[in-house]
Amino acid sequence: QVQLVESGGGLVQAGGSLRLSCVVSGRAFSRLAMGWFRQAPGKEREFVAAVTSGDSTYYTDAVKGRFTISRDSAKNTVYLQMNSLKPEDAAVYYCRAGIYHIGGYSWYDYWGQGTQVSVSS
């Protein structure tokens, strides 16, 4: 089992920044791939960014150049630095743990409570 605790959300103006954090327990963090997902009202949950155990990173096109995912194995924590925020980035953000393999990611079916990001125009 994997426990995930997200934090760092809030209300910012368009163009502002936030840094989200997710503390992970229950599995060997250094072996996990970690991802961030988001869900806006009325929309399906969508992939945002991921980082492999080897620190390779992947982003959905909508956030490339604005968001940065990183991890700190000493703290069992994954971060999402969000810059140049837009109103369409507003959502509940969730982190997720999984395994990266040649075919892509296999995500564990565990979710934290999420953290709300609101962006005013």
For the chain, what does the alpha-carbon gyration tensor say about shape, rounded, prolate or oblate, given a ≥ b ≥ c as the root eigenvalues, a/c under 1.5 as rounded, and a/b over b/c as prolate? prolate
Cα-centred dipole magnitude for the range 1-60, charges only on beta-carbon of K, R (+1) and D, E (-1), debye, nearest 20: 80 debye
Provide Asp89, Asp72, Asp61 ordered by accessible surface of protein heavy atoms (probe 1.4 Å), highest first. Asp61, Asp72, Asp89
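Could you sort Glu6, Glu44, Glu88 by accessible area so the largest value comes first, with the probe set to 1.4 Å?
Largest to smallest exposure gives the sequence Glu44, Glu88, Glu6.
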Magnitude of the charge dipole, the chain, Cβ model with Lys/Arg +1 and Asp/Glu -1, debye to 20: 160 debye
Partner aspartates and glutamates for Lys43 [C-alpha distance under 14 Å; skip if fewer than 8 residues away on the same chain]: Glu88, Asp89
Please report the net charge: other residues with Cβ closer than 10 Å to the Cβ of Ala33, K and R +1, D and E -1. +3
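The values are calculated or read from the model by the stated rules, or taken from the named source; none is laboratory data. This is a predicted model, so every value here is computed, not measured. FYI the Cβ positions are ideal-geometry reconstructions off the backbone, even for glycines, and counts take in every protein chain you see. For the accessible areas, the whole protein counts, side chains as well, though only heavy atoms, and no ligand, DNA or RNA atoms are used. Shrake-Rupley method; radii C 1.70, N 1.55, O 1.52, S 1.80 Å.
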